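Structure first, commentary second.
We did not get these values from a lab; they are worked out from the coordinates using the rules stated. Because the structure is a prediction, the values reported are computed rather than measured. Because the Cβ atoms are built from the backbone with ideal geometry, glycine has one as well, and the counts that use them run over all protein chains shown.
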Ligand SMILES: NC(=O)c1ccc[n+]([C@@H]2O[C@H](COP(=O)([O-])OP(=O)(O)OC[C@H]3O[C@@H](n4cnc5c(N)ncnc54)[C@H](O)[C@@H]3O)[C@@H](O)[C@H]2O)c1
């Protein structure tokens with residue numbers, strides 16, 4: 001077990017990449033705070049973890065709210081006494097739109113969840129980790145930060161912001177032995193994929209168009225990101241901080 005005895009908070013853990021990571025980290029021995037704005041989804045993931053013999057608890061949390069970020073961390077501390085891993089994963093996608101047609105309210109929402117949500121998570125978790133002199137803060141960024149697609153300007157900018165935030169926080173936290181790392185997935189088979197494709201539902205045309213942009217010839221499964229997160233959160237990644245790991249089948253080459 002690569003995360004035996006560790007305690008993790010994962011945001012947006014009710015679905016997709018967050019859910020797969022909660023399940024994978026629990027399998028590796030971590031106890032998980034499964035946080036999501038969708039409480040029913042968070043509870044369903046906790047059930048899955050428990051059925052597999054792991055330990056988890058569900059928290060309804062909106063990452064755009066400072067108090068909710070505090071709550072997730074407090075639940076980890078009051079239940080299990082420490083916080084080893086925080087995966088700031090909750091995010092919202094963008095429907096492809098030209099800049100002149102983009103609604104300002106969409107910008108505000110995307111930045112509130114994808115940027116302020118990560119910033120608030122860092123504010124809540126990193127003080128605890130610095131005091132412990134131990135911890136790993138992971139951020140789900142995107143290849144959109146490195147190799148964006150046309151029409152995705154607002155989402156790309158939000159992910160670029162958290163990659164820069166990751167690097168700055170990594171320097172701030174290094175003297176305390178706390179690591180901060182971003183993960184950049186290429187298109188991943190989760191409920192938000194259709195929106196990126198500009199569709200209501202994923203269809204053959206959308207899949208073919210996206211797969212054609214990935215040298216390894218397929219999109220990510222949520223488990224591809226879960227495997228990366230388990231590694232980065234483990235002591236095997238002890239010398240990795242400030243990096244943005246592309247999990248992208250070669251898309252960013
Ligand atoms: N799916 C992709 O193609 C892809 C590619 C690159 C990066 N990402 C990033 O991966 C992360 C996870 O996305 P996913 O693909 O698993 O999508 P998903 O839609 O399956 O899961 C996102 C989860 O976040 C939750 N959420 C949304 N707003 C929230 C909020 N304010 N507070 C708390 N929870 C909230 C949702 O309820 C949902 O459970 C996101 O940051 C996304 O931007 C996804």
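A few points about this structure:
- Protection proxy ranking for 71-79, 219-227, using the average of other Cβ atoms within 10 Å per residue and placing the highest first: 219-227, 71-79.
- Global geometry of the stretch 7-247, whether rounded, prolate or oblate, following the gyration tensor of its Cα atoms and the 1.5 cut on a/c: prolate
- Given R0 = 41 Å, the distance between the Cβ atoms of residue 176 and residue 44 translates into a calculated FRET efficiency of 0.70.
- For the chain, the relative contact order works out to 20 percent when only alpha carbon pairs closer than 8 Å and six or more residues apart are counted.
- Computed E for residue 164/residue 106 - FRET, C-beta separation, R0 22 angstrom, nearest 0.05: 0.55
- Folded to 0 to 90 degrees: helix 16-27 orientation relative to the chain principal axis, Cα: 30 degrees
- Taking 187, 238, 229 as the candidate residues, the one with maximal mean-square fluctuation in a Gaussian network model of the chain, Cα springs under 10 Å, is 238.
- From the alpha carbon centroid of the stretch 1-18 to that of the stretch 159-183 is 19 Å.
- Sorted peptide list for 86-93, 43-50, criterion being average Cβ within 10 angstrom, highest first: 86-93, 43-50
- For the stretch 207-239 versus the stretch 64-102, the spacing of their alpha-carbon centroids is 20 Å.
- 0 to 90° range, to nearest 10: angle between helix 117-132 axis and the chain longest Cα axis: 30 degrees
- Taking only the alpha carbons of the stretch 1-76, we obtain Rg and Dmax values of 11.2, 34 Å in that order.
- Order by protection proxy (mean Cβ within 10 Å, highest first), peptides 159-166, 108-115: 159-166, 108-115
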